[in-house]
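The values are calculated or read from the model by the stated rules, or taken from the named source; none is laboratory data. Note that this is a predicted model, so its numbers are computed, not measured. Glycine also receives a Cβ, built like all others from the backbone with ideal geometry; neighbour counts cover every protein chain displayed. Surface accessibility is based on the protein's heavy atoms, side chains included, excluding ligands, DNA and RNA. Shrake-Rupley method; radii C 1.70, N 1.55, O 1.52, S 1.80 Å.
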Amino acid sequence: MSIVCADDYRSRARGLLPAPLWDFIEGGSGDELTVDANRLAFDRISLRPRVLVDVSERSTATSVFGAALASPIGIAPTAYQRMLHPEGEVATARGAGQAGGLFVVSIFASRTLEEIAAAATGPLWLQLYWLRQRSALSRLVARAETAGYQALVLTVDAPVIGKRLRDLRNGFAIDAGVRAVNLDDALTEGKHISTPGTSAIATHAAATFDTSITWADLSWLRSTTALPLVLKGILTAEDAELAVAHGVDGIIVSNHGGRQLDGAIPAMRALPEVVAAVAGRVPVLLDGGVRRGRDILIALASGADAVLIGRPALWALTVDGSDGVAHLLSMLTEELSHTMALTGRPKLADLDPTVLA
Ligand SMILES: Cc1cc2nc3c(=O)[nH]c(=O)nc-3n(C[C@H](O)[C@H](O)[C@H](O)COP(=O)(O)O)c2cc1C
Ligand SMILES: O=C(O)C(=O)c1ccccc1
């Protein structure tokens, strides 16, 4: 059967992966209310199509921080991609580049920042968790700058790892052959030990993440770099306002794909208040539940500058490596363009709240 939408990659990938690994990717925290709510928030919004508009020429091209993108779509940071494909993040970077998309590399990438940069032809950003060992962070930042990464993303919704029941039941651990190669061994110890009732990821994060950081600490990270700093995991107007007041250069509206606070507001429902608070001062991106061109159109019409795709990129990587990732992004771009034609909005600039009902 041919693959004609993102969910087709999901069914294929599920058949290829061992159950605990599938659960790690697919799962969320607690009752997985927020995983489901992320999707439902999109499905509850309807579209108001305009007709007899010339849609013969359509454009999805855009840019972020001065870098050109074929469409407002990027790949969200996800850890340890070599668990899914032998080439890991190198394949994802090549695929994203082929499709003209952005790739946000996780601090827990399983290929080096330099290997990933060598394979990339599109923009790369580096995602960070705030490790207690600040020297490890500043070393990573320096390497990212040298390798040509164009922005830093600090994930702020994970001081502790969400209570992910599937991983706890499975005693989930990272495959022995897969490492967070950009971090010293001391920072990745214990990730390969599987113990029922515990998740190696949660245990590891508890040992290495600094849970005491506040807005006041952001200036330290800023002082290490000239790169734009983006915060990932903002869900309220209050925090969006604080982010801009602290000189942050961009915001990713996200609840971590429902993997952190269960019951958190769906990303798409939080977007309008964040957009209103930011008032155009910095770019606003969104992730969580984006599976269709229609979802992307809805997010853009609500004021997002771009969206990121988490799990679907992992499904495509599992099924077909870099070709899968490139195909997924092209397919989503095509779906976006198609939805723009059917709603009578041929340009991204035409996407505003009047298309939503
Ligand atoms: C397997 C997996 C690993 C993830 N690892 C990270 C990570 O290392 N850093 C991070 O900021 N977010 C991480 N995330 C969250 C994603 O960046 C993103 O917020 C989320 O997947 C978006 O939702 P979606 O999967 O519904 O598209 C991870 C998500 C998944 C599914
Ligand atoms: O961020 C996540 O969702 C995640 O799964 C993870 C992976 C490695 C380390 C910390 C969190």
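Here are the numbers for this structure:
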quantity	calculated
Boolean, Leu33 is away from ligand 2 (no atom under 16 Å from the Cβ), open to solvent by 20 Å² or more (accessible area, probe 1.4 Å), farther than 19 Å from Ser337 by Cα and in contact with an Asp or Glu (Cβ under 6 Å, 6 or more places away or on another chain)	yes
Lone unmet requirement of (1) of a type outside the set (Val, Ile, Thr); (2) within 16 Å of ligand 2 (Cβ to nearest atom); (3) more than 20 Å from Ala316 (Cα to Cα) for Arg44	(2)
The stretch 114-127, subset touching a residue at least 40 places away in the same chain (Cβ under 8 Å) and within 14 Å of ligand 1 (Cβ to nearest atom), residue surrounded by the fewest Cβ atoms within 10 Å (Cβ to Cβ)	Gln127
Yes/no for Ala136 being small (Gly, Ala, Ser), within 15 Å of the chain's Cα centre (by Cα), within 23 Å of Ile201 (Cα to Cα) and crowded, with 16+ Cβ neighbours inside 10 Å	no
Answer residue from the stretch 82-108, given it is within 15 Å of ligand 2 (Cβ to nearest atom) and over 13 Å from the mean Cα position of the chain (by Cα) and is farthest from Leu314 (Cα to Cα) among those	Phe108
Enumeration of residues in the stretch 9-25 that are open to solvent by 30 Å² or more (accessible area, probe 1.4 Å) and part of a helix (DSSP H, G or I)	Arg10, Ser11, Arg12, Arg14, Gly15, Leu16, Ala19, Pro20, Asp23
Condition met for Ala313 (touching a residue at least 40 places away in the same chain (Cβ under 8 Å), open to solvent by less than 20 Å² (accessible area, probe 1.4 Å), farther than 26 Å from Pro86 by Cβ and not charged (D, E, K, R))	no
Every residue from the stretch 149-171 that is of a type in the set (A, V, I, L, M, F, W, C), open to solvent by 10 Å² or more (accessible area, probe 1.4 Å) and assigned to a loop (DSSP other than H, G, I, E, B)	Val156, Val160, Ile161
Qualifying residues in the stretch 57-80 (those that are among the polar types (S, T, N, Q) and away from ligand 2 (no atom under 16 Å from the Cβ)) - the one surrounded by the most Cβ atoms within 10 Å (Cβ to Cβ)	Ser71
Subset tally (residues that are more than 16 Å from ligand 2 (Cβ to nearest atom), surrounded by 23 or more Cβ atoms within 10 Å (Cβ to Cβ) and more than 27 Å from Ser223 (Cβ to Cβ)) for the stretch 250-269	2
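The rows are residues; the columns are (1) farther than 23 Å from Ile25 by Cβ; (2) open to solvent by 20 Å² or more (accessible area, probe 1.4 Å); (3) not basic (Lys, Arg).
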| residue | (1), (2), (3) |
| --- | --- |
| Gly288 | no, no, yes |
| Ala326 | no, no, yes |
| Ser330 | no, yes, yes |
| Ala349 | yes, yes, yes |
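Quick grid of which residues meet (1) closer than 23 Å to Glu87 by Cα; (2) without any contact (Cβ under 8 Å) to a residue 40 or more places away in the chain; (3) surrounded by 17 or more Cβ atoms within 10 Å (Cβ to Cβ):
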position: Val178; (1), (2), (3): yes, no, yes
position: Ala205; (1), (2), (3): no, no, yes
position: Phe209; (1), (2), (3): no, no, yes
position: Thr214; (1), (2), (3): no, yes, no
position: Leu218; (1), (2), (3): no, no, yes
position: Arg222; (1), (2), (3): no, yes, no
position: Leu227; (1), (2), (3): no, no, yes
position: Val248; (1), (2), (3): no, yes, yes
